[in-house]
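The values are calculated or read from the model by the stated rules, or taken from the named source; none is laboratory data. All figures in this text were calculated on a predicted structure; none of them were measured in a lab. Please note: Cβ atoms are built from the backbone with ideal geometry, for glycine as well, and neighbour counts cover all protein chains shown.
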Amino acid sequence: MISEKKKSHLLGKRKEEPEESLSQIIDPVQEINRLQNNIRNRVGLVIKDIIQIGETLINLKKTLKHGQFTEWLKSNKEVLGFEERTAQRYMSVYNNRFKLESKLNEINDLSSAYKLISSHEIEKPNSSKSNDVRDPRDIYRDHRTGIRLKPREREILKDWLVNEANSLKNKAKNLLKEVENL
């Protein structure tokens, strides 16, 4: 049997290890949380930049004749650093900016931003049957991206926009009443 003295000598003298303090446990959590918040903030800034690029592309597309936008993208691919599909995504992000901006805390990367709007991608006019009535929000998105609307779509859009404007006026009146009641 080995004595305690020999065990101590063979194994080396073991120092009493202090218990981990609560601050040592919390510090990594706080650091990870700080870094994650930094990521969210940066992603938010990137999304805001993408929204601006999308708006610029949409405004440019409106000024060009049919087919010229695609040609413009192809001829400027090297300078822009992206191709047509990315331009389409940027324009889609712009068209869905209100949805994205309200959920920036939930978005950790660009993939999740694209997933968030993927179910609401802009429908092309040819994607619906001619006798189907399209959702006015889809018609509005097409209008904002410079897609030429059919006469019936223009009527639907005008009616919808008037209704939306009236609804917003009523909401604004109600909010002003609430402010007065404070």
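I need a count of the residues in region 138-158 that are part of a helix (DSSP H, G or I) and touching a helix residue (DSSP H, G or I) at 6+ places or on another chain (Cβ under 8 Å).
Looking only at region 138-158, we keep the residues that are part of a helix (DSSP H, G or I), and these are 138-144, 151-158.
Imposing the further condition that a residue be touching a helix residue (DSSP H, G or I) at 6+ places or on another chain (Cβ under 8 Å) reduces the set to 139-144, 153, 156-157.
Counting residues in region 138-158 that are part of a helix (DSSP H, G or I) and touching a helix residue (DSSP H, G or I) at 6+ places or on another chain (Cβ under 8 Å) gives 9.
One line per residue, one yes/no per condition, for (1) surrounded by 11 or more Cβ atoms within 10 Å (Cβ to Cβ); (2) at positive phi; (3) at pLDDT 85 or above; (4) in the same structural domain as residue 38 (by TED's automatic domain parsing):
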site	(1), (2), (3), (4)
80	yes, no, yes, yes
89	yes, no, yes, yes
100	yes, no, no, yes
147	yes, no, no, no
170	no, no, no, no
(message) Among the residues of region 50-65, are any modelled with pLDDT of 85 or more and not in a helix (DSSP H, G or I)?
(response) yes
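Can you tell me which residue among 76, 41 is modelled with pLDDT under 90, surrounded by 11 or more Cβ atoms within 10 Å (Cβ to Cβ) and of a type outside the set (Gly, Ala, Ser)?
On the way: 76 fails: modelled with pLDDT under 90.
Of 76, 41, the one residue that is modelled with pLDDT under 90, surrounded by 11 or more Cβ atoms within 10 Å (Cβ to Cβ) and of a type outside the set (Gly, Ala, Ser) is 41.
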